[in-house]
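The structure under discussion appears below in the form of structure tokens.
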Amino acid sequence: MTALPRTPSFRLDGRRALVTGASSGIGLAAAAALAEAGAHVHLVARRPAELETLRDALRASGAQADATALDITDLAATAAMVAAHGPFDILVNSAGLARHAPALDTTPEDYDAAMNLNLRAAYFLTREVARGLIAAGKPGSLINISSQMGHVGGPDRAVYCANKHALEGMTKAMALEWAAHGIRVNTLCPTFIRTPLAEQTLKNPERKAWILSKIKLGRVGEVEDLMGPITFLASDAAALITGTHLIVDGGWTAE
């Protein structure tokens, strides 16, 4: 009788996940997805009230969840949090901001703010989580929320494209360095997702028309569109996937 292969599990029972930017949008959806798959989720964001509301909702659903109010651009505080609550088997780094403007109008303040959170903080956070895993002799899956704009350009997005392209390169290099420890590092690259961060752009009729013209499936993304891909990358079903990106863009970058 033929022995049939079995699909690796998408379950995350017994694993600890760290989710940043967890108080809203993609981060909130990531936390819900990982908790649903059985992970113990540690929520991090700057807004304590929203964090506590999400933590309580997850616990009410039967999930395991804790929360720490933290600005991850504070590198010392972030390292202390990871050391205190880790090691984390899973990281979803969803903290981010956008300061869109024509390249000729970019201010140094907007450039520094975007680079500080989207790239610098992401770099050192990912390093700290990997450091904890290596010290504990554990494998892990580290996921940075990037963007389709990490692979293409866009109007008024020179700074955003710059930090997301850099995030892609950082992820590849870290994946190479830590593969021997069984630590996988990947990015998830969404198109425009209906979140508070994207609402200002989507309220502009001309920009929304441009967005829909580029998304071949004809609609803006919802946070639910990312929950399956996040769970997949975190799970054993993606055990041979590292140093790459999963693009969830409705066909935007297929041209």
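The values are calculated or read from the model by the stated rules, or taken from the named source; none is laboratory data. Not measured: the values here are computed from a predicted model. Neighbour counts are summed over all protein chains in view; Cβ atoms, including those assigned to glycine, are modelled from backbone coordinates with ideal geometry.
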Inset, instruction - Look through the stretch 42-65, keep the residues that are within 20 Å of Asp13 (Cβ to Cβ) and under 17 Å from the mean Cα position of the chain (by Cα), and return whichever of them is surrounded by the most Cβ atoms within 10 Å (Cβ to Cβ). - result: Leu43
Legend entry - Residue satisfying condition, being among the small types (Gly, Ala, Ser), closer than 21 Å to Leu117 by Cβ and out of contact with any Cys (no Cβ under 9 Å at 6 or more places or on another chain), within set Ala179, Ala173, Ala209: Ala173
Inset, instruction - Select from the stretch 46-99 the residues that are under 15 Å from Ala17 (Cβ atoms) and either touching a Gly at 6+ places or on another chain (Cβ under 8 Å) or aromatic (Phe, Trp, Tyr) (or both) and list them in ascending order. - result: Val82, Gly86, Pro87, Phe88, Asp89, Ile90, Leu91, Val92, Asn93, Ser94, Ala95
Inset, instruction - Any chance you could count how many residues in the stretch 204-255 are closer than 18 Å to Pro8 by Cα, polar (S, T, N, Q) and out of contact with any strand residue (DSSP E or B) (no Cβ under 9 Å at 6 or more places or on another chain)? - result: 1
Legend entry - Filter result (in contact with a helix residue (DSSP H, G or I) (Cβ under 6 Å, 6 or more places away or on another chain) and not in a helix (DSSP H, G or I)) within the stretch 24-66: Ser24, Ala37, Val41, His42, Leu43, Ala45, Ala63, Ala65
Legend entry - Qualifying residue in the stretch 66-85 (condition: buried (at least 19 other Cβ atoms within 10 Å of the Cβ) and closer than 24 Å to Asp225 by Cα): no
Legend entry - Boolean, Ala162 is within 20 Å of Ile143 (Cβ to Cβ) and either surrounded by 17 or more Cβ atoms within 10 Å (Cβ to Cβ) or in contact (Cβ under 8 Å) with a residue 60 or more places away in the chain (or both): no
Legend entry - When residues of the stretch 228-243 are limited to those that are among the small types (Gly, Ala, Ser) and in a helix (DSSP H, G or I), the one surrounded by the fewest Cβ atoms within 10 Å (Cβ to Cβ): Gly228
Legend entry - Sole residue being more than 20 Å from Val19 (Cα to Cα), touching a Gly at 6+ places or on another chain (Cβ under 9 Å) and among the charged types (D, E, K, R), chosen from Asp249, Asp225: Asp249
Legend entry - Condition broken by Asp225, with the remaining ones in (1) modelled with pLDDT of 95 or more; (2) in a helix (DSSP H, G or I); (3) more than 15 Å from the chain's Cα centre (by Cα) satisfied: (3)
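If you take the residues in the stretch 149-195 that are among the hydroxyl-bearing types (Ser, Thr, Tyr) and not in a loop (DSSP other than H, G, I, E, B), which one is nearest to Met227 (Cα to Cα)? Even if it seems obvious, please write down each step before you answer.
Residues of the stretch 149-195 among the hydroxyl-bearing types (Ser, Thr, Tyr): 160, 171, 187, 191, 195.
Remaining after also requiring not in a loop (DSSP other than H, G, I, E, B): 160, 171, 187.
Numbers: Tyr160: 23, Thr171: 20, Thr187: 14 Å.
Among residues in the stretch 149-195 that are among the hydroxyl-bearing types (Ser, Thr, Tyr) and not in a loop (DSSP other than H, G, I, E, B), the one nearest to Met227 (Cα to Cα) is Thr187.
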Legend entry - Any helices (runs of 4 or more DSSP H) falling wholly within the stretch 70-146 and containing at least 1 residues that are among the β-branched types (Val, Ile, Thr) and touching a helix residue (DSSP H, G or I) at 6+ places or on another chain (Cβ under 9 Å): 75-85, 122-136
Inset, instruction - Scan (1) among the hydrophobic types (A, V, I, L, M, F, W, C); (2) in a helix (DSSP H, G or I); (3) over 14 Å from the mean Cα position of the chain (by Cα) for the single condition Leu4 breaks and write down its number. - result: (2)
Legend entry - Scan of the stretch 244-255 for residues that are surrounded by fewer than 15 Cβ atoms within 10 Å (Cβ to Cβ) and among the small types (Gly, Ala, Ser), ordered by number: Gly251, Ala254
Inset, instruction - Select, from Lys216, Lys172, the only residue that is in contact (Cβ under 8 Å) with a residue 60 or more places away in the chain, basic (Lys, Arg) and at negative phi. - result: Lys172
